[in-house]
Amino acid sequence: MSSPKLYLRQNVLVEPLFNQWYAWSYLISPATAAMYVANSHLKIMQSFVNAPQVHVMAQKNPAMRGGPFINYGADRVADIRALMEATVKKSARLLELAAAVEKTNGMLLNEAKGDSLEALYERLPEALRGYVELVYDLNDSPSFRLIEGLLYKSPYYDESSQSVALSLVHRDERPFALSTPCLRDAGRVFVQAPFRSGAYDQLFAMKYAPQPLEHIREALRIADEDRELFSTFFTEEPPPPPAPRYDGDGVRVRYFGHACILIESAQTSVLIDPLVSYKYAEGVFRYTYADLPAEIDYVLITHNHQDHCMLETLLQLRHRIKHVLVPKNNGGGLADPSLKFMLQTLGFRGVREIDEMESVEVADGDIVGLPFLGEHADLNIRSKLAFRVALRDQAIICAADSNNIEPRLYEHTREVIGETEVMFLGMECEGGPMSWLYGPLMTRPVSRKLDQARRLNGSNYERGIELISRFSPKQAYVYAMGQEPWLTYLTSIEYTEQSRPIVDSGKLVADCLTRGIASERLYGHREINLPAR
């Protein structure tokens, strides 16, 4: 008798992990992964082992959410110590690489004064020799360029550090993910397979295409002791069928939460910054994986932050994605790893870099990469684009976290691209300090004054309304605010009515309405239907 075919439950939580830490793009590229292991993960774990009560108390204070504090009790000190010791052993090469980056940066700053850099190659730390080019800019400021493609082919890229934790989720609340490693707890099954493994595609396809449990268990090499728990992630009950492909005459736009927008015509589907909630009974209504088409023509990534390039969602959709468009990269800057290299290495097909003002033709329109200023603490990071998606002559701009620092840029852009029907703009206008995201990459201390001045912020009311004025859309929506309850584990954001992003975005919405522009601050879900022209 053949085994029954089962479906993967819609509320199976998928946590991609690197050395048991929640994986995001900077933990994939070898150089940035090295810096995060050395300057973030190990330091946080050592702090917890030395003073667990400090972490316990910090987790009770909402103001400390998102800080470098482990979300476990003092009873897990032994587990964290064991993970720390294992990390030091397993990541020995990465720790050498991190030390080499710091030493090389110091050597260049102290000794490269405009003379030829050739003599310094022989003095590079062994870990970096053959993996960097030493360079000056036109002002004789020295730096180095990582040969990132070669680093992915080197021993520094170790797929054995990658795994996925599976469990069942029934509610929105999850602890902040970026400061706490994922320990082995009841209810979790760890899958020891690299992210590029096709077995994950088989697993996630089972949400709609059932397979025998034995088949997927063998493909994922589930340990014997995890088999019983693993079986609870599946059901014989068929789910609702996946959303049919939109077949209207016009264009349908759906907001999935945060910066995730699905734009569809009868011929083309475009998903921007995929971040999708799971399906369970409680909470505000939201679109989930079940509301996505079975095949997604284009995925667009606006920039390389964890809430816009989200591996947890991307891995679950990989088997459904035909093309991925990402911003062109600086080419070797430590703070600006390549999205293209990362996604190709992780098994995504059809990955293409596009530049500012570059256009990609699609079946019934085009996709254009637009300049994107701000939100990156004035660092030289090129991997950021807003996008204009034009289908059936309806133009939609997803501006992500663009900060209107220089209005003339958007004036020039408007002259080139013409009219816009709908605009989405992020207005998290406070943002975290530079060190919140980029601190582990810095080889020298940054003063508190500079750290607070250079923030990861988007447009405030004044800059936002000027941006709206430049493009003159008929509809303007504030998004990417991190408000949805299924987002706080990534953003740590908890607003009040007095929070500046809420006050400023409220003023922008009210101002738009007085100008006859349809507007609102989005939350949860939204559908916008545009007629064909």
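Over all distinct Cα pairs, what is the inverse of the mean 1/r for segment 356-403, reported as the Kirkwood hydrodynamic radius in Å?
11.5
Hey, can you find the accessible area per residue of segment 422-529 for me, probe 1.4 Å, expressed in square angstrom?
42
Whenever you get a sec, line up E111, E527 from highest to lowest accessible area (probe 1.4 Å, protein heavy atoms).
E111, E527
Using only the Cα atoms of segment 167-248, build the gyration tensor, take square roots of its eigenvalues as a ≥ b ≥ c, and label the shape rounded, prolate or oblate: rounded if a/c is under 1.5, else prolate if a/b is larger than b/c, else oblate.
Here segment 167-248 falls in the oblate category.
For the chain, with the dipole built from +1 on Lys and Arg beta-carbon atoms and -1 on Asp and Glu ones, taken about the Cα centre, which of Y131, L487, Q46 lies farthest toward the positive end?
Q46
Whole Å is fine, so just give me how far the alpha carbon centre of segment 260-309 lies from that of segment 380-406.
When both Cα centres are located, 17 Å separates them.
Would you work out what percent of the accessible area of segment 97-192, with all protein chains in place, is carbon or sulfur (probe 1.4 Å)?
48
Report the accessible area of D366, computed with a 1.4 Å probe over the heavy atoms of all protein chains in place, in Å² rounded to the nearest 10.
Result for D366: roughly 40 Å² accessible.
Could you work out how far the C-alpha centroid of segment 188-252 sits from that of segment 460-474, in angstrom?
Distance between centres, Cα-based: 43 Å.
Would you please give the FRET efficiency between A82 and D247, computed as 1/(1 + (r/R0)^6) with r the Cβ-Cβ distance and R0 = 60 Å, to the nearest 0.05?
It comes to 0.65.
What is the distance, in nm, between label points placed 7 Å from the Cα along the Cα-to-Cβ direction at A453 and at R123?
3.1
For segment 74-123, take N as its residue count and report Rg(C-alpha) divided by 2.2 N^0.38 Å.
Scaled against compact globular proteins, the figure is 1.83.
Any chance you could get the radius of gyration and Dmax over the Cα atoms of segment 283-422, in Å?
According to the Cα coordinates of segment 283-422, Rg and Dmax are 15.5, 43 Å.
Over the Cα atoms of segment 116-270, compute the convex hull volume and normalise it per residue, giving Å³.
Dividing the Cα hull volume of segment 116-270 by its residues yields 249 Å³.
How far is it, in nm, from the label point at V446 to the one at N61 when both lie 7 Å from their Cα along the line to the Cβ?
Output for this residue pair reads 2.2 nm.
In whole Å, what three semi-axes, largest first, describe the equivalent ellipsoid of segment 408-526 built from its Cα gyration tensor (square root of 5 times each eigenvalue)?
Calculated on Cα positions only, the semi-axes equal 28, 19, 13 Å.
Label points 7 Å out from Cα along the Cβ direction at E520 and E133: separation in nm?
5.1
If you take the beta carbon distance between L229 and R352 as r and set R0 to 41 Å, what does 1/(1 + (r/R0)^6) give as a FRET efficiency, to the nearest 0.05?
About 0.55, to the nearest 0.05.
Multiply the residue gap between A92 and K153 by 0.36 nm, knock off their C-alpha separation, and tell me the result in nm, one decimal place.
20.2 nm
Compute the Rg to Rh ratio over segment 204-317 from the alpha carbon atoms, using the Kirkwood formula for Rh, and round to two decimal places.
Checking Rg against Rh, the ratio lands at 1.01.
Report the extension gain between A209 and E527 in nm, rounded to one decimal, defined as 0.36 nm multiplied by the number of residues separating them, less their alpha carbon distance.
Residue separation times 0.36 nm, minus the Cα-Cα distance, leaves 111.7 nm.
Through the Karplus equation 6.51 cos²θ - 1.76 cosθ + 1.60, θ set to phi - 60°, convert the phi angles of segment 78-90 into ³J(HN,Hα) values in whole Hz; use x for Gly and Pro.
4, 5, 5, 4, 4, 5, 4, 5, 5, 5, 4, 6, 5
Using the Kirkwood radius over C-alpha pairs as Rh, can you work out the diffusion coefficient of segment 108-194 via Stokes-Einstein at 10 °C, viscosity 1.306 mPa s, in µm² per second?
So the translational diffusion coefficient is about 91 µm²/s.
Just to confirm, what accessible area per residue do you get for segment 255-351 at 1.4 Å probe, in whole Å²?
23
Assign unit charges at the C-beta atoms only (+1 for Lys and Arg, -1 for Asp and Glu), then state the dipole size of the chain relative to its Cα centre in Debye, rounded to the nearest 20.
My answer is approximately 660 debye.
From the protein chains alone at 1.4 Å, what is the descending order of accessible area for K340, K89, largest first?
So the residues, ranked largest to smallest area, are K89, K340.
For the chain, what does -39500 (n - 2.57) per DSSP helix run (n ≥ 4), summed and divided by total residues, give at 222 nm, in deg cm²/dmol to the nearest 500?
Mean residue ellipticity, 222 nm, calculated: -8000 deg cm²/dmol.
If you stretched the chain out fully between R184 and Q46, how much longer would it get, using 0.36 nm times the residue separation minus the C-alpha to C-alpha distance?
Additional length available on full extension: 47.8 nm.
If we restrict to alpha carbons, what Rg and Dmax does the chain come to, in Å?
23.4, 78
For the pair V54 and K103, what calculated FRET efficiency results from E = 1/(1 + (r/R0)^6), where r is the Cβ-Cβ distance and R0 = 30 Å, to the nearest 0.05?
The formula returns an efficiency of 0.45 here.
Along the charge dipole of segment 340-423, Cβ charges K/R +1 and D/E -1, which of P371, V416, Q344 sits furthest on the positive end?
Final value for the positive-end residue is Q344.
Can you give the accessible area of H525, probe radius 1.4 Å, in Å² rounded to 10?
That residue has around 70 Å² of solvent-accessible surface.
Could you order peptides 209-215, 459-465 by the average number of other Cβ atoms within 10 Å of their residues, highest first?
459-465, 209-215
The values are calculated or read from the model by the stated rules, or taken from the named source; none is laboratory data. Here the structure is a predicted model, which means the values were calculated and not measured. When we count neighbours, we look across all protein chains shown, and the Cβ atoms used for this are built from the backbone with ideal geometry, even at glycine. In case anyone asks, the SASA skips ligands and DNA or RNA and just uses the protein heavy atoms, side chains included. Shrake-Rupley method; radii C 1.70, N 1.55, O 1.52, S 1.80 Å.
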